[in-house]
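Here is the structure we will look at.
The values are calculated or read from the model by the stated rules, or taken from the named source; none is laboratory data. This structure is a prediction, so every number in the text was calculated from the model and none was measured. All Cβ positions, glycine included, derive from the backbone under ideal geometry; neighbour counts span all protein chains shown.
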Amino acid sequence: MTDAPSVTGWQIADVVAAWPETPTAKTLRLKLAEPWPFLPGQHVDVRLTAPDGYQAQRSYSIASSPADAHAIEITVQRLEDGEVSPYLCDVLEAGDQLELRGPIGGYFVWRGEGPVLLIGGGSGLVPLMSILRHRRLTAPDVPMRALVSVRTPGDLLYAGELGDDARLLYTRAGPPGWAEPPRRLTPADVADAAYPDGLAFVCGPTGFVDRVADLLLQAGYPAERILTERFGPT
């Protein structure tokens, strides 16, 4: 089994592109001065330094595939009371620079195993997108499904890229003409998507992750084959 790449020190990355994913989320494409390998599911630390020397640091999952050797992408969900995300979403743009270190994390990573079920809630889709993208580029024959739970169509990240790999569930309002009423994931949803002897990755807010982990246990997944990562509220 592949070891997770070691964390490197802080370095300056160039913002080579930036675009909105939703009204409250933005993707940054960052070119590293010293590129490093990483595994899908890992994250980076971002550090901002104010003119008076005050520093704020936050972690953001990598959304791009490791096969993209020239740059990495992170997607930032703007938090109204945040110290870092408002600057990244509202101020930072192509041509700016950002201080970061990584890659970080050796547990919630995909090493090419299969079959795989991905379940994401809100911005918990970000590290799962790295897995989906890497599988499409390097291992298209590995069976992989995704369940994505999101409040409304306006909150959906990567809307034009998910394709047939993902089933979408809206919890507050669906798009016009959507066949299903708004609802949460059910035991039947998880059981229908489950793979016998498969691996499951679950990412999202704590309450969402805990509930989905219970549904996976009910569907027959052993606890050791359920990998979870928790984010703050989305």
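Is it the case that the range 129-145 has a residue that's crowded, with 16+ Cβ neighbours inside 10 Å, modelled with pLDDT under 95, within 23 Å of Val15 (Cα to Cα) and in contact with a Ser or Thr (Cβ under 9 Å, 6 or more places away or on another chain)? No; the residues of the range 129-145 include none that is crowded, with 16+ Cβ neighbours inside 10 Å, modelled with pLDDT under 95, within 23 Å of Val15 (Cα to Cα) and in contact with a Ser or Thr (Cβ under 9 Å, 6 or more places away or on another chain).
Taking the criterion of being crowded, with 16+ Cβ neighbours inside 10 Å, under 26 Å from Gly106 (Cβ atoms) and either outside the structural domain of Gly160 (by TED's automatic domain parsing) or basic (Lys, Arg) (or both), would at least one residue in the range 14-25 satisfy it? No - not one qualifying residue is present in the range 14-25. Would you check if Ser130 is over 18 Å from Ala67 (Cα atoms) and either of a type in the set (Val, Ile, Thr) or not in a strand (DSSP E or B) (or both)? When the stated conditions are applied, Ser130 does not pass them. Restricting to the range 22-46, name every residue that is among the polar types (S, T, N, Q) and either over 12 Å from Ser64 (Cβ atoms) or out of contact with any strand residue (DSSP E or B) (no Cβ under 7 Å at 6 or more places or on another chain) (or both). Passing the criteria: Thr22, Thr24. How about the range 83-118: which of its residues are closer than 20 Å to Pro222 by Cα and buried (at least 16 other Cβ atoms within 10 Å of the Cβ)? Within the range 83-118, Phe108, Val109, Trp110, Val116, Leu117, Leu118 qualify.
Taken over the range 30-70, the residue count meeting the criterion of being part of a strand (DSSP E or B) and in contact (Cβ under 8 Å) with a residue 24 or more places away in the chain is 17. Under the condition of being in contact with a Leu (Cβ under 7 Å, 6 or more places away or on another chain), part of a helix (DSSP H, G or I) and touching a residue at least 40 places away in the same chain (Cβ under 8 Å), the residues counted in the range 178-226 number 4.
Within the range 138-174, the set of residues being within 21 Å of Leu227 (Cβ to Cβ) and not in a strand (DSSP E or B) comprises Thr138, Ala139, Val142, Pro143, Leu157, Tyr158, Leu162, Asp165.
Within the group Leu168, Leu199, which residue is over 17 Å from Gly114 (Cα atoms) and in contact with a strand residue (DSSP E or B) (Cβ under 6 Å, 6 or more places away or on another chain)? Going through Leu168, Leu199 in turn, just one is over 17 Å from Gly114 (Cα atoms) and in contact with a strand residue (DSSP E or B) (Cβ under 6 Å, 6 or more places away or on another chain): Leu168.
The lone criterion from (1) within 16 Å of the chain's Cα centre (by Cα); (2) within 23 Å of Gln42 (Cβ to Cβ); (3) touching a residue at least 40 places away in the same chain (Cβ under 8 Å) left unmet by Asp165 is number (3). Among the residues of the range 155-167, those that are closer than 19 Å to Pro23 by Cα and either modelled with pLDDT of 95 or more or of a type in the set (A, V, I, L, M, F, W, C) (or both) comprise Asp155, Leu156, Leu157, Tyr158, Ala159, Leu162.
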